[in-house]
Structures are given as structure tokens and as C-alpha cells.
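Everything on this sheet refers to the single structure shown next.
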Amino acid sequence: MKKNTKLISSGRKSQYTHGVVNPVVQRASTVVFDSVAELHEAVKGRGNRTLFYGRRGTQTHYALQDAIMELENAAGCALYPSGAAAISQSLLSFLKSGDHLLMVDTAYEPTRDLCDKILLGLGITTTYYDPMIGAGIKALIQPNTRVLFLESPGSITMEVQDVPSLVAVAKQYDLITMLDNTYGNGWHYKPLDHGVDISIQAATKYIVGHSDVMMGVAVANEALWPTLREHSYLLGQCTSADDAYLALRGLRTMPVRLAQHEKAALKVAHWLETHPLVDHVRHPALPSCPGHEHFIRDFTGSNGLFSFVMKQGNQKAINAFLDGLQHFKMGFSWGGYESLVTANKSMAALRTTTGWQDGPIIRLHIGLEDVEDLITDLQQALEIYE
Ligand SMILES: Cc1ncc(COP(=O)(O)O)c(CNNC(=O)CNC(=O)c2ccccc2[N+](=O)[O-])c1O
């Protein structure tokens, strides 16, 4: 079965849909049983799609979990109220006081804050590593290192990691590998197929695709799925049936949306490459992006997210550019149908290993608007960037 057909067919067992196309929206806290035998059956199967209690999930959640599991070629899928929760709960499911964590230096900023402000207080130490370190990660492994966390491409600066090299070393030292796959979204990149143990996504982005649900997902291989499932449950993680329904609804059109995001973003990226104020573009599909060779080798496509670095500029110029945009709205997210923009005058405060030499960096999410309107919008806003 081709992957498009698989995505459309997944999560549609009749026990979820009850005879219609989409799953029922089964809202629940309490599940009730007619007999002691039935209750015992539910207790026995509570981790395996048997209706037991709201926090374990209902048919709506099971439908989404099946679809995400199949998308990512995983043994199981846990659902969380946000991407940040998926990250924190995956880490807390496997780390304990005294452990050491290797965290990529280009991690999403709140992930860094989690390490520095929460995990440290729990006695878990973190070393940030250069995203391009590859097999050199070996030098940073300590006797108490337990988890190697990747995010590829990296947030804002977009470096694509050499995942197979990192995973090979991690396996030599029996480290658990986790990868924030929000960019690769399971369609263009499947971390477990590259040896990663746990793949995490902010479903908030492309899976939901309409900027109207907060959700995180984490999938695991056979070896780690039981622990991730049980520890996420004990940590109290769950999502609403309504949000699970909307996420599954978004998933069905993700490939066709991604194709349009990718096509338009590449057109905008190539246009920006020619702009006199732009130093370089950091789009994984372009040779100017660090790790482009890994993207070409490991990914099957890109999407609407990329950044570009200006030759020079100060906060005043950045603010004038941002305020001058009409279609690109400032917003702390991406992956919806709308175009968004964020800007950082410098990345120095957000990087501990890779010194940031370049100028201001602007991140775009290219939405489904007409790409000519988006280019015109950028062109006129760059004219007032001074
Ligand atoms: C790669 C990746 N991984 C996880 C998450 C978190 O997902 P969530 O938003 O569903 O919790 C995200 C969320 N993405 N949001 C953004 O990129 C926008 N920026 C922020 O969210 C941000 C950045 C710096 C400081 C604080 C924030 N913030 O709004 O929380 C992500 O990009």
C-alpha cells in the first residue's frame, strides 16, 4: 500500500467509526462496567485500547494513535496537551536524578528552558552539543549519560543533523535517543526508520494544520513503548476527544498541504537568495543550509518553514520590516495554513556551543496564500529595512 493510501486508511477501524468515515467523538472521564468480569477485562487490557478510564483514552484517541503510529512506523503513540508536554514527559519518562542528558544546542527555546530550569532542579544535568558534531558526540558522553536528544532541522537556524552517525554512537553506549520531529512530521522524515528510539512532534503544527489545537505526540519502538506509555499515564498526560478528532481530521490532508507549503516556500527561498540585503538562506533543501547533505540523504521533502540571515541590521530595521508586512503575521507557531514571521537580532543568547557570527535571522512560515502575494509582501517590507 502506498503511503498516501495508508494515511487515508489508518485509524478507521469500525470500532472507532461505528459505520461512518471518521471516528466518533467519545468524550469520557468515567467508563462504566456491567459486570465484574467486564471490569476485570478492562483492567487487564487498560494499556491496550480497552476502554478503561478517560485518561487512558477513548475510541477517538485510539483512532488518532493508530494513525500516528502507522505514519511514524512505531509500536505505540502517546498523546499530550502540547508539543512542549510531549518533550518534557518523554524526557521525564526515562531520566532520574543523577542522570546526564545530551541536548542539541539548536533545540526549541522552551526545551532549553526545561533543561535549565526544571531538569537541573531535579538533579538531571544537561550538556548542549553542536548540531553538526556527528560521531564526535562520543567525546561528550559521561558514565551517567542516559539520553541523547536531537532536533533536526534545528529551531530557527535550521541545521540538519547527521542522525545515523549520532544514533550509531548512542547505541554503542546504550543511550536512549529522542528526536523532535515536528519539522519532519512523519511524512517527510521517520526517525524510528533511522534508528531513533522515540520521535516527538508538536502536532500543533502540520498535523493539526489549522492553528486551532494544541497537542503533542510521542511514538516509540517496541523496546521503549511500554515504559513511555505507562510513565506518560502516571504523569497524568491526556488530551480531549475533541482535540484528538481535530488532529486526525488535519492529518488526512497533511500531505497535500505540505506539497503546497513546500512548493511556495522554495519559490520564496530562491527569491530571497537573490536579494541584496540577504546574506544567506537557511532552507534545508538549499546548499546554503548547514546539513543540507543530510537533508538530501534522509528526508523525502521539505515544508513551509525556513530562515534567512540579513547581511546587517539593527532592531529598528527589524521592527520596521516586521511592521511593514501585510500577509506575514507575527506569531509564536507554524504549520498552519497562514504565513507567519519571527525575527531574532542575534542567536547568541540561545546558543552555547556554535558561536553565532551572522547578522539578524528572520524565520518565515510560508502558508497557503498565493506565493506572488507573499513575495510582493516581502519585497515591499525589505525596502523599508534600514
Ligand atoms: C520544534 C518544536 N518543538 C516543539 C514545540 C512546542 O510545541 P507546542 O507549541 O505545541 O507546545 C514547538 C513550538 N513552536 N513554536 C515556535 O516555534 C514559536 N516560538 C515559540 O513558541 C517560543 C520561542 C521562544 C520562546 C518562547 C516561545 N513560546 O512561544 O513558547 C516547536 O517549534
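Nothing charged except the Cβ atoms of Lys and Arg (+1) and of Asp and Glu (-1): what's the magnitude of the dipole of the chain about its Cα centre? Round to the nearest 20 debye.
Approximately 900 debye in magnitude.
Express as a percent, rounded to the nearest 5, the fraction of DSSP beta bridges in the chain (both residues included) that run antiparallel.
55
For a 30 Å ceiling on Cα separation, which of these pairs sit above it: 13/190; 138/205; 263/316; 117/138; 3/117; 171/311?
138/205; 263/316; 3/117; 171/311
Expressed in nm to one decimal, what extension gain is obtained for the pair residue 125 and residue 375 from 0.36 nm per residue of sequence separation less their Cα-Cα distance?
Between residue 125 and residue 375, full extension yields an extra 85.5 nm.
How far apart, in nm, are the 7 Å Cα→Cβ label points at residue 230 and residue 118?
2.3
Dividing the Cα radius of gyration by the Kirkwood radius, what Rg/Rh value follows for the chain?
0.99
Alpha carbon centre of region 54-103 versus region 297-353: separation in Å?
28
Out of residues 5 or more away from residue 31 or on other chains, whose amide H comes under 5 Å of its own, with H placed 1.01 Å from N in the peptide plane?
Sorted by chain and number, the residues that satisfy this are 54.
I'd like to compare 150-156, 110-116: which one has the highest average count of other Cβ atoms within 10 Å, and what's the full order after that?
Order by mean packing, descending: 150-156, 110-116.
Any chance you could run the full-extension gain for residue 279 through residue 18? It's 0.36 nm times the residue separation minus the Cα-Cα distance, nm to one decimal.
88.4 nm
What distance in nm separates the simple spin-label points at residue 168 and residue 6, each placed 7 Å from Cα in the Cβ direction?
2.5
Please list, by residue number, everything in region 358-386 whose backbone N is under 19 Å from a paramagnetic label point 7 Å out along Cα→Cβ of residue 326.
Once the point is set 7 Å along Cα→Cβ of residue 326, 365-385 turn out to lie under 19 Å by backbone N, inside region 358-386.
Kindly rank 339-350, 2-13 from highest to lowest mean number of other beta carbons found within 10 Å of each residue.
Descending packing order for the listed peptides: 339-350, 2-13.
Every number here is computed from the coordinates shown, using simple stated rules; none is lab data. All values derive from a computational prediction rather than experimental measurement. Backbone-built Cβ (ideal geometry, glycine too); neighbour counts: all protein chains shown.
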